[in-house]
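Working notes for the structure below.
The values are calculated or read from the model by the stated rules, or taken from the named source; none is laboratory data. These numbers come from a predicted model, not from an experiment. Note that we place each Cβ from the backbone using ideal geometry, even for glycine, and neighbour counts take in every protein chain shown. Surface accessibility is based on the protein's heavy atoms, side chains included, excluding ligands, DNA and RNA. Shrake-Rupley method; radii C 1.70, N 1.55, O 1.52, S 1.80 Å.
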Amino acid sequence: MAALPKRIIKETERLVADPVPGINATPHEDNLRYFDVTIHGPASSPYEEGIFRLELFLPEDYPMSPPKIRFLTKIYHPNIDKLGRICLDVLKTNWSPALQIRTILLSIQALLGAPNPEDPLANDVAQRWKEDEKAAIETAREWTRTHATV
Amino acid sequence: MDSEQIDYQSLNYLSTVDHNLCCPICRSPLVDPVYTTCLHTFCSTCINKALERSQTCPVDRTPLQAEDVSPAPIMIANLVNELAVLCPNSELGCTFTCARYLVEAHLSHDCEFVYMKCRECGDKVLRRDAGRECLHQLEECTHCFQHIKKIDMEAHEKECPGLLGECMHCRLEIERSELKEHEFTCEEATISCSSSSLGCPWSGQRKELSHHQAACPFTFLRPVLQAHAERLTKLELENRTLRKRIEQLTPRINQSNTTEPLSFDEQAYQFLTEQEHMRQDMERLSATLGELEIKQGMLLMNESLRTKEELAGIRAAINGIRMQIHWLLTVRVHGTEHRHVVGGGAGTPSNSAGPSHPAEHSASRRLSDNFGQGVKL
Ligand SMILES: [Zn+2]
Ligand SMILES: [Zn+2]
Ligand SMILES: [Zn+2]
Ligand SMILES: [Zn+2]
Ligand SMILES: [Zn+2]
Ligand SMILES: [Zn+2]
Ligand SMILES: [Zn+2]
């Protein structure tokens with residue numbers, strides 16, 4: 001593999017030296033493009049008190065193409081499917097090379113605080129979210145308790 | 001030098017650069033800066049690559065075409081071009097620093113650490129060695145007799161197996177190739193006890209090991225300790241699985257019955273309230289006890305007062321009787337004297353009572369009656 005671009009080195013250094021509150025991203029020693037990520041569920045959301053694990057990979061042409069991110073912890077959310085894939089426009093069509101790992105992780109944390117059932121990825125979850133939001137939120141809370149607490 | 005392009009984006013700068021002079025895409029100081037119709041500045045290669053993917057400005061997402069991009073004002077270009085950088089070969093040993101726009105000239109004319117073609121054989125050689133004779137000819141190592149390229153000889157001498165090396169423990173001079181092996185048997189090498197994994201802190205020269213092990217308690221207990229260690233790992237494993245199961249079970253318990261598991265604080269609180277109750281009970285009991293004592297004392301006093309009065313009455317009555325008896329006795333003595341005087345002779349007392357003293361007699365009777373009444377008081 002080619003040498004790591006300066007931009008990735010700089011981003012990694014900043015992530016480690018000046019981490020975003022509630023977000024932690026650590027690169028693998030043997031592959032500096034692969035990160036172990038944890039995100040704390042935002043306060044007063046059904047994911048509060050949960051710690052969610054994600055994997056993040058910077059493809060060869062990053063930052064021209066977006067990082068690949070996936071939830072590893074099970075989560076009940078209308079925009080995240082069973083495999084942990086995330087429906088977030090900035091990760092797909094709205095990606096810009098001026099975005100960074102930290103801004104992307106912040107938008108994912110924000111997505112946890114503001115689920116959007118109108119733009120679903122997990123259809124059954126979104127359906128339930130629209131029909132009975134209270135029950136759906138309770139399920140999300142329960143999943144957080146069972147899967148996202150240590 | 002080779003026609004290799006300089007990777008400006010990976011240059012190292014002498015000081016940190018103001019972020020306004022950095023490209024929002026590669027985050028390095030701008031290289032060949034351009035600016036857009038929406039007034040954002042990028043490296044020209046960066047924005048061109050970005051526009052291949054998406055026809056929008058990476059910063060504000062306004063629609064953007066290649067023709068909306070033009071070279072940045074010369075002042076910006078000068079600012080970034082004059083930033084001081086390290087030579088790209090600094091890791092190889094070049095200590096040269098210069099303004100960024102001079103790097104290319106340094107590499108193509110001066111840098112000693114640029115690879116060039118050997119004049120004689122065409123192989124790669126650093127500029128600093130290029131002026132001498134061809135370094136790619138083979139040469140025999142004087143120690144191990146291997147054939148080594150001259151250019152590699154310096155590196156070879158560090159690891160030539162034919163050169164003598166000195167054992168750092170016993171100072172024995174020995175061929176390098178055998179040095180490693182020697183260390184495994186060197187009598188003076190410092191080693192630790194073979195039971196160090198079990199906790200033996202001993203370390204010393206190899207020749208003293210057998211002496212130590214003859215007395216080492218850890219070696220002695222080795223079988224026992226090992227069995228313990230095995231059991232411990234087994235128990236730890238079991239503990240871990242059990243803990244996991246507890247973790248799986250606890251949320252369910254918490255949901256179904258939130259009051260059951262009392263925390264330590266709650267228990268302590270219960271004990272304290274119970275103790276408080278008991279203390280109050282005791283206070284009440286001792287108060288009643290005091291009251292009872294007082295009542296009993298009063299009763300006792302009343303009773304003894306009456307007894308005392310009665311006793312005084314009885315005493316008075318006894319006194320009366322004594323006086324009466326005294327009186328009677330005196331009357332009797334007077335009576336016999338009187339008879340002596342009247343009858344002139346001594347007679348029996350019963351017969352002596354004559355009709356001459358009936359009044360005195362009845363008076364005494366009445367007196368005794370009075371005393372009797374006094375007793376009844
Ligand atoms: Zn750039
Ligand atoms: Zn713009
Ligand atoms: Zn140089
Ligand atoms: Zn040569
Ligand atoms: Zn040699
Ligand atoms: Zn030795
Ligand atoms: Zn020992």
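Details
- Taken together, A:Ser96, A:Ser107 contain a single residue that is out of contact with any Leu (no Cβ under 9 Å at 6 or more places or on another chain) and of a type in the set (Gly, Ala, Ser), which is A:Ser96.
- Among all residues of region A:49-60, there is none that is under 14 Å from A:Gln109 (Cβ atoms), out of contact with any Leu (no Cβ under 6 Å at 6 or more places or on another chain), without any contact (Cβ under 8 Å) to a residue 24 or more places away in the chain and surrounded by fewer than 18 Cβ atoms within 10 Å (Cβ to Cβ).
- Counting only residues that are at positive phi and polar (S, T, N, Q), region A:34-92 holds 1 of them.
One line per residue, one yes/no per condition, for (1) assigned to a helix (DSSP H, G or I); (2) modelled with pLDDT of 95 or more:
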residue: B:Gln5; (1), (2): no, no
residue: B:Gln9; (1), (2): yes, no
residue: B:Asn20; (1), (2): yes, no
residue: B:Arg27; (1), (2): no, no
residue: B:Val34; (1), (2): no, yes
residue: B:Cys38; (1), (2): no, no
residue: B:Lys49; (1), (2): yes, no
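- Of all the residues in region A:6-47, those that are in a loop (DSSP other than H, G, I, E, B) and surrounded by 15 or more Cβ atoms within 10 Å (Cβ to Cβ) number 8.
- Of all residues in region B:97-143 being under 60 Å from the mean Cα position of the chain (by Cα) and aliphatic (A, V, I, L, M), the one that is nearest to ligand 7 (Cβ to nearest atom): B:Leu126
- Test result for B:Glu91, charged (D, E, K, R), within 12 Å of chain A (Cβ to nearest Cβ) and outside any strand (DSSP E or B): yes
- Where B:Arg61 falls short, out of the listed (1) more than 14 Å from chain A (Cβ to nearest Cβ); (2) surrounded by fewer than 19 Cβ atoms within 10 Å (Cβ to Cβ); (3) modelled with pLDDT of 90 or more: (1)
- Members of region A:67-99 that are open to solvent by 30 Å² or more (accessible area, probe 1.4 Å), under 30 Å from B:Cys43 (Cα atoms) and either away from every other protein chain (no Cβ under 14 Å) or at pLDDT 90 or above (or both): A:Lys68, A:Leu99
- Filter result for A:Thr103 (within 13 Å of chain B (Cβ to nearest Cβ) and either part of a helix (DSSP H, G or I) or open to solvent by less than 10 Å² (accessible area, probe 1.4 Å) (or both)): yes
- Long-range neighbours under 8 Å by Cβ, at least six apart or interchain, first residue away from every other protein chain (no Cβ under 14 Å) and part of a loop (DSSP other than H, G, I, E, B) within region B:107-128, second among the β-branched types (Val, Ile, Thr) and within 14 Å of ligand 4 (Cβ to nearest atom): B:Cys118/B:Val125
- On inspection, B:Val69 fails the criterion of being of a type in the set (A, V, I, L, M, F, W, C) and in contact (Cβ under 8 Å) with a residue 60 or more places away in the chain.
- Residue within region B:8-21 that is more than 14 Å from every other protein chain (Cβ to nearest Cβ) and farther than 30 Å from A:Val90 by Cα present: yes
- Residue in region B:196-211 that is crowded, with 16+ Cβ neighbours inside 10 Å, in contact (Cβ under 8 Å) with a residue 24 or more places away in the chain and outside any strand (DSSP E or B) present: yes
- Checklist (1) at pLDDT below 90; (2) under 30 Å from B:Asn12 (Cβ atoms) applied to B:Glu104, failing item: (1)
- Unmet criterion (only one of (1) aliphatic (A, V, I, L, M); (2) more than 16 Å from ligand 4 (Cβ to nearest atom); (3) open to solvent by less than 80 Å² (accessible area, probe 1.4 Å)) for B:Leu135: (2)
- Summed over region B:157-195, the residues that are in contact (Cβ under 8 Å) with a residue 12 or more places away in the chain and open to solvent by less than 70 Å² (accessible area, probe 1.4 Å) give a count of 18.
- Search result, residues across region A:115-150 that are modelled with pLDDT under 90 and under 16 Å from the mean Cα position of the chain (by Cα): A:Pro115, A:Asn116, A:Pro120, A:Leu121, A:Ala122, A:Ala148
- Residue check for B:Met168: within 16 Å of ligand 4 (Cβ to nearest atom) and either touching a His at 6+ places or on another chain (Cβ under 9 Å) or on the phi < 0 side of the Ramachandran plot (or both): no
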